[in-house]
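To keep things clear, I will list the structure first and then write my remarks on it.
Only the coordinates and a few stated rules stand behind these numbers; no lab work does. All values reported here derive from a predicted model rather than from experimental measurement. Quick reminder, even Gly has a Cβ in these numbers, built from the backbone with ideal geometry, and neighbours come from all protein chains shown.
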Amino acid sequence: MAIAITPVTFIRKKIKSVSNATMVVGGNMTTNFNETFAGNKIITAYNLQENQNQKFENQIRTQFSLAMALTKRVGWMSPIMYFICSIGIAIVMNYGNSLILSGEMTAGAFASFVTSLLLLYKPTKSLGLTLTSLQNTFVAMARVFELFDLMPEIVNVNNPKKFQNIGSGIRFSHVNFEYEENQPVLRDFSLDVSPNETIALVGNSGGGKSTVVNLIPRFYDIKSGSITINGTELKDYDLVSLRNNISFVFQDNYLFTGTLRENILMGKPDATEAEIEKSVKLAHLDEFLDTLPEGIDTVVGERGASLSGGQRQRVAIARAIIKNAPIVILDEATSALDNESEAVVQKALDNLIKNKTVFVIAHRLSTINNADRIAVLQEGVLVELGTHDELINKPNGKYRHLYEMQFSTAGV
Ligand SMILES: Nc1ncnc2c1ncn2[C@@H]1O[C@H](COP(=O)(O)OP(=O)(O)OP(=O)(O)O)[C@@H](O)[C@H]1O
Ligand SMILES: [Mg+2]
């Protein structure tokens, strides 16, 4: 028995790297599988089926060779166990034989001993396999616990403050921020936003507009400087109460599998029927819902696949309206809507931002026109701030340039 246990203790070291690699390839295969379905339109449009097949085949081959490597490493276990067990039995037989011959043991007692020994043979032999798969499990478990042990970086401070109201407004003061070390994204960014003011953020793509608004619900913490609401640092607020007071309409609006109603209710799970109706109306979704046989209980499909871009946007707006938070963040989709849907979406947005403090990343002229002030961001630096009239009259101004480039061709 002691000899039989020995090889098992070597196994873990031998299979660890291969086991790990197998799990990584398994993960990649799942990613590839999901992407193939989620990106099926692009794959079809660009004739990438063969590419995807090839990618999948390569992964299967890698997995196959890893499985072979694993087999090579553990395959010797079974014969060795057989061998050790057989030798053990041979020794017992031999020794038993001499005991019977010398009369120290009866043949019956020996036969019953051998029978029980044979019963032990199978479990001992399979001990190797069981322990191998147990070791495999340990390797997998280590990977899982590695992830469990990760701590979120954004957490509450001790004794966080509950968010009461927006009070004196939102103040960014000398904010520096980077996603990757030493690659500054926002540089010395300062901005004061009064309660109920609408600030439009404009600027070049990659300039840092989405980054600025992502800092307000504390999706990321800043590197230096401060962001305060009503004089209190963001990080001193209780995260849940802070986020409860911010409505977000994202650049790419994500709808969840389920009905339109369920998607809207995410803004306020305990909303009444009247509240739902009101937000649907304000989001200008009612006409669209009337065309659906199942109305608000229509299932939208994965990611809202059965809706148009403008419809998805209005569902997201309804979700934000029903939440009725004092701070509203709109990261406008860049996709151009036709004039009519743009007008409808704009009306929905107007309803959403009434009497709210609003940050809007504007790609549409109509939104910019409605803003109280415009902040121009370039490469993470606030280069201009003012009303449309102030900025448009600046000779060689950045806003003026952007405006001419982006909007003058839009027939305005
Ligand atoms: N999660 C991230 N990790 C690392 N870098 C990021 C991340 N998100 C954005 N960035 C980088 O930060 C910079 C600012 O990006 P941001 O999304 O704020 O731009 P933007 O002004 O919103 O652009 P757009 O108008 O195209 O939406 C870009 O250079 C981008 O590559
Ligand atoms: Mg953006």
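Here is how the numbers come out for the structure above:
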item: Relative contact order (percent, whole number), region 2-148, Cα cutoff 8 Å, 6+ residue spacing; result: 42 percent
item: Fraction of beta bridges assigned by DSSP in region 170-410 that are antiparallel (%, nearest 5); result: 50 percent
item: Ranked list, fewest to most other Cβ atoms within 10 Å of each Cβ, for Y237, Y121; result: Y121, Y237
item: Relative exposure of I222, I3, judged by other C-beta atoms within 10 Å (fewest first); result: I3, I222
item: Rg over Rh [alpha-carbon atoms, Kirkwood Rh] for region 2-148; result: 1.28
item: Additional length obtainable on full extension of the chain from D149 to T106, 0.36 nm per residue less Cα span; result: 9.4 nm
item: Helix-derived mean residue ellipticity, 222 nm - over the chain, DSSP H n ≥ 4, -39500 (n - 2.57), to 500; result: -17500 deg cm²/dmol
item: Simple Cβ-charge dipole of region 170-410, Lys/Arg +1 and Asp/Glu -1, about Cα centre, in debye nearest 20; result: 340 debye
item: Summed side-chain charge close to K162 - residues other than K162 whose Cβ falls under 12 Å, Lys, Arg +1, Asp, Glu -1; result: -1
item: Dipole magnitude (debye, nearest 20) for the chain, charges at Cβ of Lys, Arg, Asp, Glu; result: 1700 debye
item: Which of I322, I87 has the fewest Cβ neighbours within 10 Å, and the rest in rising order; result: I87, I322
item: At least 27 Å along the helix axis (C-alpha) and Kyte average at least 1.0, DSSP helices within the chain; result: 77-101
item: Neighbourhood charge, 10 Å Cβ-Cβ cut-off, centred on T257 and excluding it, Lys, Arg +1 and Asp, Glu -1; result: -1
item: Links that overshoot a 28 Å alpha carbon limit, given the list K41/K323; K209/K394; K235/K394; result: K41/K323; K235/K394
item: Distance (nanometres) between label positions extended 7 Å along Cα→Cβ at E294 and T272; result: 2.8 nm
item: FRET efficiency, 1/(1 + (r/R0)^6) with R0 25 Å, evaluated for T30 and N51 via beta carbons; result: 0.90
item: Partner aspartates and glutamates for K16 [C-alpha distance under 18 Å; skip if fewer than 8 residues away on the same chain]; result: E146
item: Net charge, E233 excluded, C-beta distance under 12 Å - Lys, Arg +1, Asp, Glu -1; result: +2
